[in-house]
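**Student:** Before we start, here is the structure in question, set down as C-alpha cells.
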Amino acid sequence: MDISVRSIKKDYIKWDWQAGKNVPFSDEMTIFTLTSEKAVYALAAIESGHLCHVFFGRRTDDEDLSYLLRLGENPYTPKVNEREMATFMDNTPFEYPVFGTGDYRESALMIRDKNGCTSLDLRYAGYEITDGKPILEQKLEDCTVRLPATYAEDTQAKTLAITLKEQHTGLEVVLYYTVFEGLDAFTRSAVITNKGDADVDILRAMSAAIDFDSREYDFITLNGSWARERVIERSRLHKGKQAVDSIKGESSHQSNPFAAIVSHNADESTGEAYGFNLVYSGNFTACAEVTQFDRTRFVMGINPLDFSWTLNPGSSFTVPEAVMVYSSEGIGTMSRTFHDLYRRHLIRGIYKDTRRPILINNWEATYFNFDEEKLYSIAKQAKELGIEMLVMDDGWFGKRNSDNCSLGDWYVNEDKLKGGLAKLVDRVNALGMKFGIWFEPEMISPDSDLFRAHPDWAIQSPGLPLTRSRDQCVLDYSRKEVRDCIWSQIKAIVDNANIEYIKWDMNRQLTEVCSSALPASRQRELWHRYVLGVYDLQWRLTSEYPHILLENCSGGGARFDPGMLFYSPQIWTSDDTDAVERLKIQHGTSMCYPASAMGAHVSDCPNHVLGRSTDFNMRGDVAMVGTFGYELDVTRISQADRDEIPAQIERFKKYNPIVRTGDQYRLGNIFEDNTWDAWMFVAKDRSEAVFTFVQVLNRPNYRSRRIRLAGLDPDRKYRSSQTGEIHPGSTLMNCGIDVMLSGDFKSATIHFTAV
Ligand code: DGJ
C-alpha cells in the first residue's frame, strides 16, 4: 500500500476563440495516487483548485495518469476559457461534486446558506498523509458519538486527508481516503466544518462520488422483502439514474447499502467489479447516473430525502464511511476482499477471531408461550446433544405474552420466570451452558408503563395519530434521557445475571419522524440523530460488557449492514430459516458480508415461514455457512433428527475454522438455477477446503453432476474425504468432481486436505 503525491505540469494546445488560433497552455496539478496490491485510486487538484477524479481501477505502474482528465481535450478548462465555466463543471470528473454551480449530475454536497442560496464553489487548500486511520466522531450537544468505521493500526493502513475550502460560506470539507495493507479496498469519508460566521444547512452530504469513464457496466444491488432479504438484482446501466435506497430509518429488508458496478462480462472469476458499501444503518442512497456523454457517476451516502443538518459556526458534520473494493478477477474476488476487510478491520471484540458458541434459541420453539421449566427442559436436552448456549427470545419481560405490549418495560415477568432471571440463568449455567437474552431497546409499546409515564418519548408528529406497526412505536433515540433510561434498564438485567449474549432486535420502521425535543429548524436531523443514538447505546454496551456476544437483528435481516457489524460480530440474516430460501439469502448476503457474520440456525420442519420440509442434514449444512445454532424445540423433534445433532455439531466444530477465516467461493448460482447450489471455503494457506453441494431438486436419469472446484493450490494434491482419492488441485479445478445424491433437499459436504 502506498500514497504518493506529485506535482505535474502538463502542456496542451488549445483553440483560442478570441485569437482564432491554436495556443499553448499548461496546467499545474497535484496528483494523489493511492495504490494497493492490484488497484489504484487517483485524484488531482488542478490549477484552478478544482479537485478532480482521475482513475479508480486496475493498478498500473505509470504514475502519471493525469492525461485521463482530458484537460487538453476540454476547451472549457477554467484557465483557458472562463466564459464557458458551466460546461466545464458539467463534464469534468469531480471528487466531491457540489450542487449549484453548473454540475447538473448527482452531487456530493448541497447546502443552504444564510441567504437561502444553495450554490457552492469548493477549492483545494492542502493535504496531509498519516499512518493508520483516524476514527470518525460526531459531536452532539450533550455527547460525542463514535461512528462505526473500519479501523487499522499504523502499520496496516495509510490515510490521505484533503482539505477543500468554500469562500462565501467559510465551509471547510476534509475528505479522508484510506488504503489498507494487503487488500484492494479503500475507504472514504468527509468532515464538513463551518468556519464561517453564519449557520449553514447541509441538505446533502455524500460519502463517496466516483466518475467512471464509460457506461458499459452492469449495476448490482441487493433488494428483497421480509423473509427474502438481499436478492441479487443485476441490470445494464442505462441513460438516467438507477438507485437503491432506504427511507425507512434503517437499511431495511427491501434494500441494502451495497451496490456494485461491474463489467458486462463479469462473473464469479472474471471481469471487473467495483463494490461499494456504506458503513451506516439508516436512510441511504446509492445511485448510478449515466450522463449525456455516456459516462457514469456513482454516489453513495445518507439519503438526502427529508434530511438536513444545521451547522452552527464552529461545528462539524461527519459523513459515514463508504467502502470501495476493486477486483479485476470477477465478483468472487470482490466479495472475498470485503470479507477479509470486515473480518480484519471492522468486526471487533473477543469474538472477532473465535468460534461463536453453538446456541439454541427458543423463538421458533415456543414463541411467547414459555416459562422457566420449559426453557430449562430445552437447555437440558440441548446440553446433552452438545449445544453450548440457551438464548431466551422475546416474551420474558413486562406482561408480554404476545407482541402487543410491554416494550420499554425491561423487568422480568416473574409469572413466567418464577424466582427471577438469575435463578434460571444459574440453573442453565449449572448444566454447563451459557445464557443469552433478547431485547428490543429502541421500541415502546403504547401499552407499557414507559409509554404511560412518557408518551412524548415515542417518535411522533404533532396532530397526527401514532402509526403502529406490530402494535409498537419507536423511541426517540435522539434524546439522551431516553437512551439513558433504556440503558439503565438493560444494565439492571445484565448486572443481575450471568448474561453472555444479547440479541438486539428492531421490529419496525420509522414513521412521523419528528421529535418533541428538537426545534422546528432541526427536525429533519432526526433520522440521522436516531441512528447516532442507536450507535451510542451499542457502543456503551460493547464497551462496558466486552465479554457479551452481541447479535444484531431487525425483524430478520433488515439491518444487515457494516454499521451494525462494527458493534456485533454477527447479525441475524433472516427470519426465513427454510434451508432452500436460505441458499438465496446467504448467497446474496455473501456479496459483501462474511459467513462468520451470518446468523444461521437449523429449525424444525415443516418450516414455519414456507411449510416446506427439508432434510435435517441439509438444514445443518446450510446453517454451517454462518454462525450455526438451533431454533427448534429439541425436546419435541423426531428422535431421528435429534440423533443427528451430535454428529452435526462435530462437523460444524471441525469445519468452522475454515468457514470463519477462509476464502469463500460460490460455485453455483441459485438465482439462475434453483435446482442446486454449491460452495466451498478454502483455508488461507490452501492446505484444506470444505466443499458443500446441495441438491434442491433431483433430476431423473441424469446421473452425477460435475462441479469444478476453485481456490485450491493447483500444484498441491488433495485427498477427498468422500472417495479417499487424491488429485492435484489443478485437476480438481479444471476437470471438477462428480457429485450424486438421491432425492430432493439433500446435501453433502466433502473435506479436501492437502497431502
Ligand atoms: C424478529 C426476530 O427476527 C425473531 O428472530 C424474533 O426475535 C422476533 N423478532 C421476536 O419478536
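The values are calculated or read from the model by the stated rules, or taken from the named source; none is laboratory data. Please read these numbers as outputs of a predicted model, since none were measured by experiment. Cβ: placed from backbone, ideal geometry, glycine included. Neighbour counts: every protein chain shown.
**Student:** Find all pairs meeting these conditions: Cβ atoms under 9 angstrom apart; at least six residues apart or on different chains; first residue within region 448-467 and at pLDDT 95 or above; second residue assigned to a helix (DSSP H, G or I) and β-branched (Val, Ile, Thr).
**Tutor:** Leu450/Ile486; His454/Val482; Trp457/Val482
**Student:** Out of the residues in region 271-319 that are charged (D, E, K, R), within 25 Å of the chain's Cα centre (by Cα) and within 28 Å of Thr92 (Cα to Cα), state the one that is surrounded by the most Cβ atoms within 10 Å (Cβ to Cβ).
**Tutor:** Step by step, filter region 271-319, then rank; the result is Arg297.
**Student:** Considering only region 518-535, how many residues are assigned to a loop (DSSP other than H, G, I, E, B) and in contact (Cβ under 8 Å) with a residue 12 or more places away in the chain?
**Tutor:** Adding up the residues that qualify gives 1.
**Student:** Condition first: over 19 Å from Asn312 (Cβ atoms) and either touching a residue at least 60 places away in the same chain (Cβ under 8 Å) or assigned to a strand (DSSP E or B) (or both). Can you find one or more residues in region 112-122 that meet it?
**Tutor:** yes
**Student:** Name, by its number, the condition in (1) surrounded by fewer than 16 Cβ atoms within 10 Å (Cβ to Cβ); (2) modelled with pLDDT of 95 or more that does not hold for Thr60.
**Tutor:** Checking Thr60 against (1) surrounded by fewer than 16 Cβ atoms within 10 Å (Cβ to Cβ); (2) modelled with pLDDT of 95 or more, the one that fails is (2).
Conditions (1) modelled with pLDDT under 90; (2) within 21 Å of Phe293 (Cα to Cα); (3) touching a strand residue (DSSP E or B) at 6+ places or on another chain (Cβ under 6 Å); (4) of a type in the set (Gly, Ala, Ser), marked per residue:
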site: Lys9; (1), (2), (3), (4): no, no, yes, no
site: Asp27; (1), (2), (3), (4): yes, no, yes, no
site: Ile31; (1), (2), (3), (4): no, no, yes, no
site: Ala42; (1), (2), (3), (4): no, no, yes, yes
site: Tyr67; (1), (2), (3), (4): yes, yes, no, no
site: Asn74; (1), (2), (3), (4): yes, yes, no, no
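**Student:** Which condition from (1) hydroxyl-bearing (Ser, Thr, Tyr); (2) part of a loop (DSSP other than H, G, I, E, B); (3) more than 18 Å from Thr366 (Cα to Cα) is the one that Ser596 breaks?
**Tutor:** Unmet condition: (2).
**Student:** Among the residues of region 70-89, are any under 35 Å from the mean Cα position of the chain (by Cα), within 17 Å of Ile46 (Cα to Cα) and surrounded by fewer than 20 Cβ atoms within 10 Å (Cβ to Cβ)?
**Tutor:** Checked region 70-89: no residue is under 35 Å from the mean Cα position of the chain (by Cα), within 17 Å of Ile46 (Cα to Cα) and surrounded by fewer than 20 Cβ atoms within 10 Å (Cβ to Cβ).
**Student:** Give me a count of the residues in region 536-564 that are part of a helix (DSSP H, G or I) and crowded, with 24+ Cβ neighbours inside 10 Å.
**Tutor:** 3
**Student:** I've got another one for you. Would you point out which residue out of Ile444, Ile459 is hydrophobic (A, V, I, L, M, F, W, C), more than 16 Å from the ligand (Cβ to nearest atom) and under 29 Å from the mean Cα position of the chain (by Cα)?
**Tutor:** Ile459
**Student:** Got at least one residue in region 561-576 being aromatic (Phe, Trp, Tyr), more than 30 Å from Arg344 (Cβ to Cβ) and either touching a residue at least 60 places away in the same chain (Cβ under 8 Å) or more than 16 Å from the ligand (Cβ to nearest atom) (or both)?
**Tutor:** No, there is no match, as no residue in region 561-576 is aromatic (Phe, Trp, Tyr), more than 30 Å from Arg344 (Cβ to Cβ) and either touching a residue at least 60 places away in the same chain (Cβ under 8 Å) or more than 16 Å from the ligand (Cβ to nearest atom) (or both).
**Student:** Among the residues of region 358-401, how many are under 15 Å from Lys503 (Cβ atoms), part of a loop (DSSP other than H, G, I, E, B) and of a type in the set (S, T, N, Q)?
**Tutor:** 1
**Student:** Looking only at region 362-372, filter to residues that are among the polar types (S, T, N, Q) and surrounded by fewer than 20 Cβ atoms within 10 Å (Cβ to Cβ); which one of those is nearest to Phe566 (Cα to Cα)?
**Tutor:** Residue satisfying both the conditions and the ranking: Thr366.
**Student:** Starting from residues that are over 18 Å from Glu644 (Cα atoms) and out of contact with any Leu (no Cβ under 8 Å at 6 or more places or on another chain), keep the ones in region 386-396 and report whichever is farthest from the ligand (Cβ to nearest atom).
**Tutor:** My answer is Gly395.
**Student:** Here is a check on your reading of the model: is Lys653 in a loop (DSSP other than H, G, I, E, B) and charged (D, E, K, R)?
**Tutor:** Taking the combined requirement at face value, the residue does not satisfy it.
**Student:** Could you tell me which residue of region 619-643 is farthest from Ala579 (Cα to Cα), considering only residues that are surrounded by fewer than 20 Cβ atoms within 10 Å (Cβ to Cβ) and among the acidic types (Asp, Glu)?
**Tutor:** Within region 619-643, the match that is farthest from Ala579 (Cα to Cα) is Asp643.
**Student:** If the Cβ limit is 8 Å and pairs must be 6+ apart or interchain, which residue in region 383-402 that is more than 21 Å from Ile649 (Cα to Cα) and in the same structural domain as Glu372 (by TED's automatic domain parsing) pairs with which residue that is of a type in the set (A, V, I, L, M) and away from the ligand (no atom under 15 Å from the Cβ)?
**Tutor:** Trp396/Val412; Trp396/Leu417; Trp396/Leu421; Phe397/Val412
**Student:** From Lys399, Lys352, Lys383, grab the single residue that is surrounded by fewer than 21 Cβ atoms within 10 Å (Cβ to Cβ) and within 16 Å of the ligand (Cβ to nearest atom).
**Tutor:** Exactly one of Lys399, Lys352, Lys383 is surrounded by fewer than 21 Cβ atoms within 10 Å (Cβ to Cβ) and within 16 Å of the ligand (Cβ to nearest atom), namely Lys399.
**Student:** A further question on this structure: Inside region 631-650, can you point out the residues that are away from the ligand (no atom under 16 Å from the Cβ) and in a loop (DSSP other than H, G, I, E, B)?
**Tutor:** Within region 631-650, Val634, Thr635, Arg636, Ile637, Ser638 qualify.
**Student:** Let me ask something else. When you check Lys165 against the structure, is it in a strand (DSSP E or B), touching a residue at least 12 places away in the same chain (Cβ under 8 Å) and over 15 Å from Cys592 (Cβ atoms), yes or no?
**Tutor:** So Lys165 passes the test.
**Student:** Given the options Leu375, Leu346, Leu359, name the one that is within 16 Å of the ligand (Cβ to nearest atom), in contact (Cβ under 8 Å) with a residue 40 or more places away in the chain, under 30 Å from Tyr665 (Cα atoms) and surrounded by 22 or more Cβ atoms within 10 Å (Cβ to Cβ).
**Tutor:** Leu359
**Student:** Condition first: among the hydrophobic types (A, V, I, L, M, F, W, C), assigned to a strand (DSSP E or B) and either at positive phi or surrounded by fewer than 23 Cβ atoms within 10 Å (Cβ to Cβ) (or both). Now tell me which residues in region 193-204 satisfy that.
**Tutor:** Result: Ile202, Leu203.
**Student:** Check Lys491, Lys503 and return the single one that is touching a Gly at 6+ places or on another chain (Cβ under 8 Å) and either in contact (Cβ under 8 Å) with a residue 12 or more places away in the chain or of a type outside the set (A, V, I, L, M) (or both).
**Tutor:** After applying the criteria, what remains is Lys503.
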